[in-house]
1. So for the chain: antiparallel DSSP bridges make up what percent, rounded to the nearest 5?
2. Rg/Rh for the stretch 229-285 to two decimals, with Rh computed the Kirkwood way over all alpha-carbon pairs.
3. Label 7 Å along Cα→Cβ of Lys144; the stretch 94-125 residues with amide nitrogen under 11 Å?
4. Any aspartates and glutamates with Cα under 20 Å of the Lys357 Cα? List them, leaving off those in the same chain fewer than 8 positions away.
5. Restricting to DSSP H runs of at least four residues, report the calculated mean residue ellipticity at 222 nm for the chain, -39500 (n - 2.57) per run over all residues, nearest 500 deg cm²/dmol.
6. For the chain, state the average projected area of the convex hull of the C-alpha atoms over all orientations, rounded to one decimal in nm².
7. P(r) tail for the stretch 79-235, what percent of Cα pairs lie past 26 Å?
8. With a 10 Å radius around each residue's Cβ, average the other Cβ atoms per peptide and rank 239-249, 428-438, 318-328, 224-234, highest first.
Amino acid sequence: MKSVLKRILLVPGLLLGFAASAQHVSGRYAVDRPVCTRHGDYLDVAMELDLSALDIPSNRALLLTPVLVRGEERAVLPSVGIYGRTRYYQYLRSDEKMLSGADEITLRASEKPDVQPYRAQVAYAEWMNGARLEIEQREYACCKEVLASSSRSFDGYREWVFRPVFRPVRPEGDSVKVRSLDGSAFIDFPVNRTTILADYRGNRGELDKIIATIDSVRNDADVTITCLSIKGFASPEGTYKNNERLAKGRTEALMDYVQQLYRFPAAVARTSYEPEDWAGLRRFVEGSGLEHKAEILALIDGDLRPDAKEAELRRRYPAQYRFLLENCYPALRHSDYRIVYTIRTFSDVRRIKELVKTAPQKLSLQEFYLAARDTEAGSDDYDELFEVAVRMYPEDAAANLNAANAAMARGDLKSAERYLAKAGASPEATYARGLHAALAGDYAAAERRLAEARKSGVAEAADALRQLAERPATNNETNN
């Protein structure tokens with residue numbers, strides 16, 4: 001942000017406290033339009049020094065040194081040295097590079113311009129935001145003897161920075177955490193039989209798959225299984241009545257096998273069956289390149305009874321039927337299982353933070369939020385909590401809104417924009433979108449959304465709007 005100062009007249013003979021009886025610098029000089037401007041990693045300091053009325057005696061020198069100052073921090077810029085004839089040649093002959101070194105702008109008093117442009121550049125540091133500009137003045141006699149010195153302060157550099165308050169929201173939802181695991185097992189049975197033979201064909205692997213799924217939750221002390229359901233399916237070949245017998249009997253046989261191992265209560269273990277898996281057949285045909293695919297799909301979707309439908313399929317499209325019998329029907333004889341379980345509620349913040357790293361799927365959004373309240377805002381751990389939460393609940397509006405706020409706080413506007421797309425339409429989401437627009441430099445959209453959020457009762461929106469109102473009309477700094 002440019003700070004444009006009024007023209008300031010400096011009268012060395014008065015400001016430096018010169019004795020009236022000595023031959024000192026007389027007259028006056030002025031500082032016109034001192035401006036500090038930031039360009040990325042550098043700060044430019046520019047001004048004009050009006051030297052037209054300044055009189056430098058032959059044995060005197062005047063050194064003007066601009067300095068940026070804030071607290072104990074200082075950045076000294078190249079000086080402007082104005083030398084009387086005697087002093088000029090003394091320093092020239094001594095090879096001392098004049099009073100302040102090689103970067104000095106050196107002027108002979110007899111040849112000085114009426115107006116000397118000044119511009120210097122310095123590497124920008126954060127402390128310079130709010131620094132003042134000082135010009136230190138020293139009058140020198142022989143041998144670098146300082147006769148008098150003083151300094152004057154001017155407005156320096158202050159950039160406008162938007163500093164919003166990011167407002168995390170408390171997620172809503174049930175306190176009971178219900179989860180489920182689903183799978184399919186393909187148990188082979190001898191023709192027309194419903195007895196499970198564990199070592200028949202690939203049955204051992206399919207049974208072990210079910211057992212491993214159950215054990216993955218049953219052996220967890222934080223988990224309670226509330227339902228184990230098995231639904232059996234048969235393929236369409238043969239009569240519907242016989243397929244109904246097979247689907248029902250084989251489902252019950254599989255549940256009996258499981259119950260021998262686990263002894264679940266009757267209210268937990270549930271079975272159902274579907275005599276013929278026409279839906280599975282349709283999915284296979286629809287994704288295939290079968291000839292007469294459209295006609296076969298129309299037949300599957302038709303109103304014929306299952307036995308008539310299967311007979312027509314076999315009669316009209318014998319080649320395709322044989323293909324389906326070999327490549328599709330075996331997969332239609334399956335048992336789908338689902339394990340529904342609950343996870344206990346966690347209130348110990350330390351335990352929650354451990355689970356974030358080891359088993360985040362056990363946590364509710366409320367538990368993520370509880371841990372975040374106990375974590376320093378803006379820290380890596382704080383950001384991780386909301387990032388993991390949104391991974392566990394990618395469609396939840398509150399999870400996305402909190403992740404967006406955390407992303408904006410660390411300057412990641414791209415991620416914040418992605419999260420805000422799923423953050424819902426709450427007043428808090430409108431407020432967050434207003435902050436995002438302001439940080440991205442779209443101030444018109446920011447003011448519109450923040451005004452809407454303020455009207456909806458988001459108290460922090462008023463302060464954000466106040467900050468935007470203080471933004472200068474011309475702002476060369478990056479706002480985010």
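1. Beta bridges within the chain, antiparallel portion: roughly 85 percent.
2. Details: Rg = 13.1 Å, Rh = 12.1 Å.
Reported Rg/Rh, Kirkwood definition of Rh: 1.08.
3. 96-101
4. Within reach: Asp220, Asp222, Asp348, Glu367, Asp374, Glu376, Asp380, Asp381, Asp383, Glu384, Glu387.
5. Values: 17 runs with 185 residues, N = 480.
It comes out at -11500 deg cm²/dmol, rounded to the nearest 500.
6. Numbers: hull surface 155.8 nm².
Answer in nm², one decimal: 38.9.
7. Numbers: 8043 of 12246 pairs.
Tail of P(r) above 26 Å: 66 percent of Cα pairs.
8. Values: 239-249: 17.6, 428-438: 24.7, 318-328: 14.4, 224-234: 19.8.
Going from most to least packed, we get 428-438, 224-234, 239-249, 318-328.
The values are calculated or read from the model by the stated rules, or taken from the named source; none is laboratory data. Model, not experiment: these values are computed from the prediction. Cβ atoms come from the backbone with ideal geometry, glycine included; neighbour counts cover every protein chain shown. Side chains included, ligands, DNA and RNA excluded: accessible areas come from the protein's heavy atoms. Shrake-Rupley method; radii C 1.70, N 1.55, O 1.52, S 1.80 Å.
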